[in-house]
Structure formats: C-alpha cells, structure tokens
Amino acid sequence: MKVLIAPNAFKESLNSIDVAHYISKGLRKASRKIEVIELPLADGGTGTSRILTQALDGKFVNCRVSGPMNKKITVTYGIVPKQHVAVIELAEAAGLSLIKKQERDPLRTTTMGVGEMILDALDKQYRKIILCIGDSSTIDCGVGALSVLGIRFLDQKGASIDLDCRGLLNLRKIDTSRVKKHIKATKITIASDVRNILTGKRGALVYARQKGADLKTIPLIDRSLKAFKRIVLKQYQLDLDKIPGSGAAGGIGGAFVAILGSQIISGFGLIKELTCFEDAVRACDLVITGEGRVDKESFSGKTLERVLTLTNRYKKPVILVCGHIAPGIRKLEKYEIRAEYTLARSTRSLEKTIEDAPKLLEELAKKIGKTLLT
C-alpha cells in the first residue's frame, strides 16, 4: 500500500514537516509493507518558507530582527541564489507562536521584524521576494514592516504615528518619498490562502480573538482597520474591501498591494505546483491529511479543503488526523473520509496535548498502520 502523508501545520504546535515526519515514523513502526511518501503542505503560514525553499533547491540564512513585541530575536528565511529569490515567512518575526497566550495584544504587536527581514534580503541583492503571511499575531496593516522600508505613516501634524494597530486611528497620510531605493526594482509576491477582506465581519477581525483581542478591544481594532482603508482609498483610489486577501495577517496583504503594488497568490497553489502534489495524489492508494484544528474556517479555500477536493477528484480514500475537530462540521460529509482521529482528549489539557504532540502523532499513526494491515 502506498500512503501519501500530506498534512498542514498544527498551529502553535508543529509545522507540517514535523507532523508528516511523526506520522510516517508511526506508520513504519506498524509495518515495513506500507510505502510512505511524505509531502508536507502549507498555505502561507508556519513552515511555508521551509517547504518552498527546499522545493526550489535553496538554502537558509539567519538574521536578527524585532519580534512582535519589539524585542530582538533571531529568524530564518530561505534564499534561492539561482533564481535570485528570497522566501520570507511573516510568522518567523511576527507569529502567534512567539507570544504566550496571556501576553497577546493585537493593539501593540508589530510587523517591524518582517520589514527588517525584507531589508536583509535586499542588502543581499535579492530582488524577488515571496512573502508568506500566515499565522500572524498582528493587526497593524503592515505599517511596521513598511516603515522599515522607508515608508512613513503620518498624522494630521505630519508626525509619524505609532506603528501598531492603535496608531492607525491617527493616520492621515502615507508618504513614500523616502522609500528605500531598491524597493521599486523589487517584486514582492504575497503567498496566502486567507481570502478575508480588510473590514467588516468577514474582515481581519475574524482572527482578532486568537491574537488576544477581547470585547473591549475589538471595536477599537475595527475603527483602526476602517481608518487605514479610508486613507488608502483617498490616496490610491483603491478599495481594499474589494480585494480578496486584503485582510490577511491583520491587513498586511492589502497594504503591500496598495502601497508597493504586490500581488496576492495562493500559498497552497504555489506549493502544489512546485512539489507536483497532484501527481502524488494520483499515484497513491491512500492520503493521510489534517491540521491542528478543523473548523468552518478550514473550508474557506484553505489547505485542508483543497486537499480533500483533490482526493475526491481522484477517488482516493482519506484518513483525517487533527488536533481537534469542532462539532457540527458537516462539510466533511461530502468527502471520502475513511476515518477521523484527534489528539485532543477530555482528560488532557490543550497545553499538554501541544507538548506531547510528537509522541501522540507517532502512537496514533502506529495504530492507524495496524488498522490498514487488517
């Protein structure tokens, strides 16, 4: 039996490469008769840079940047010298996993470190940048990142605003007169599968709670997002609420489109093409896929839905392995899912499940392997 292991990341726990590794390890412990193919996936979030860089035969470099709470951290990004491409992951410098749950505050977090990563790549003479923007802890509309690149965000007196979500309330003008000289010659492509627009109930606010927002701060965030949208419309005649993905990663997607002329593309689509994922699905007997939490957001054009669509097309049976499946997800019924497994248990805390995820995945995969043999 040829089994394709194609998971997404388990957010705040393991990237998809590690998830695939532990599932494969468990299957091989069950039997050497199972042929295992590991093909980890991503949609612009954690692990995307690593997968893309490896697929492009690139390598990795480190640099020191500002973290989401403005403390210095060491980050990694990919470079592909042959193609003059740098692959940068927002989550490295401004990801949710970098902040303890109790310390998350989207009014204060910044994407400044993302801009510093881009600047480091520019200094290394890379003029094509793929910016993967999933799993952010920020809702600053990218002003932190863009300020590092020489763009100024000014209040009504011509002074710089605070470069965070709260500062957006004072924004009156975007000044690009001092933009770094190499930016205009650089193509920055945004990799994301989040289709949310910037404002409204289906905007960047959808992800505000997981970033630390509460009932008191959500109205303030809403006003900040609308303030940024208003200034972009005034200066660039561009309505960010008409651009799918403009609300991705707290608005950084829309900001890069409006101010730098970037293009938003599908992170999954890019990986699917570079890894020949469709061919792998066609050639296997069974697909094991999954992600940390399966809920209604998993079916808004994101990785899991697109994997299941492909497996349905080629009539391949699927085993779903997840951290948790939200109750009442009826969309799963339309796919040929042979079995569903979760790591979460009522007797185990979420923190303990995350901590033990490698061991739990391996043990579960071993159990699945023995089931396949019978």
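Every number in this text was worked out from the coordinates using simple rules, so none of it is lab data. In this text the structure is predicted, and so the values were computed from the model without any measurement. All Cβ positions, glycine included, derive from the backbone under ideal geometry; neighbour counts span all protein chains shown.
Numbers at a glance
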quantity	calculated
Hydrodynamic radius of region 48-265 per Kirkwood, over alpha carbon pairs, in Å	16.9 Å
Antiparallel DSSP beta bridges within the chain, as percent of all bridges there, nearest 5	35 percent
Pairwise Lys count, region 65-171 - Cα closer than 30 Å, eight or more residues apart or different chains	11
Extension gain, GLU103 back to THR76 (0.36 nm per residue minus Cα-Cα distance, nm)	7.4 nm
Per-residue [θ]222 nm for the chain (sum of -39500 (n - 2.57) over DSSP H runs n ≥ 4, rounded to 500)	-10500 deg cm²/dmol
Length-normalised contact order for region 48-265 - Cα pairs under 8 Å, 6+ apart - percent	20 percent
Region 48-265 - share of DSSP beta bridges that are antiparallel (%, nearest 5)	55 percent
Cβ-based exposure ranking for LEU90, LEU308, in which fewest neighbours within 10 Å come first	LEU308, LEU90
Phi to ³J(HN,Hα) by Karplus 6.51 cos²θ - 1.76 cosθ + 1.60 over region 9-17, Hz, x for Gly, Pro	5, 9, 3, 6, 10, 9, 6, 5, 5
Straight-distance crosslink candidates among lysines, where the alpha carbon sits under 21 Å from LYS370 and sequence neighbours closer than 8 are dropped	LYS2, LYS25, LYS29, LYS33, LYS316, LYS359
Region 174-260 shape via C-alpha gyration tensor axes, a/c threshold 1.5	prolate
Lys/Arg +1, Asp/Glu -1 at C-beta; the chain dipole; positive extreme among GLN102, GLY44, ILE161	ILE161
Long-range amide H partners of GLY45 with built H, under 5 Å	GLY134
Derived scalar couplings ³J(HN,Hα) [region 310-322; Karplus, 6.51 cos²θ - 1.76 cosθ + 1.60; whole Hz; x for Gly, Pro]	5, 5, 5, 4, 9, 6, 9, x, 10, 10, 9, 10, 9
In order through region 58-75: 3J(HN,Hα) via Karplus (6.51 cos²θ - 1.76 cosθ + 1.60), integer Hz, x for Gly, Pro	x, 9, 10, 10, 10, 7, 9, 9, 7, x, x, 9, 6, 9, 5, 9, 9, 10
Cβ-placed point charges (K, R +1; D, E -1), dipole of region 231-374 about Cα centre in debye, nearest 20	380 debye
Net dipole in debye of region 48-265 [+1 Lys, Arg Cβ; -1 Asp, Glu Cβ; about Cα centre; nearest 20]	380 debye
Protection proxy ranking, peptides 245-251, 287-293, average beta carbon neighbours within 10 Å, highest first	245-251, 287-293
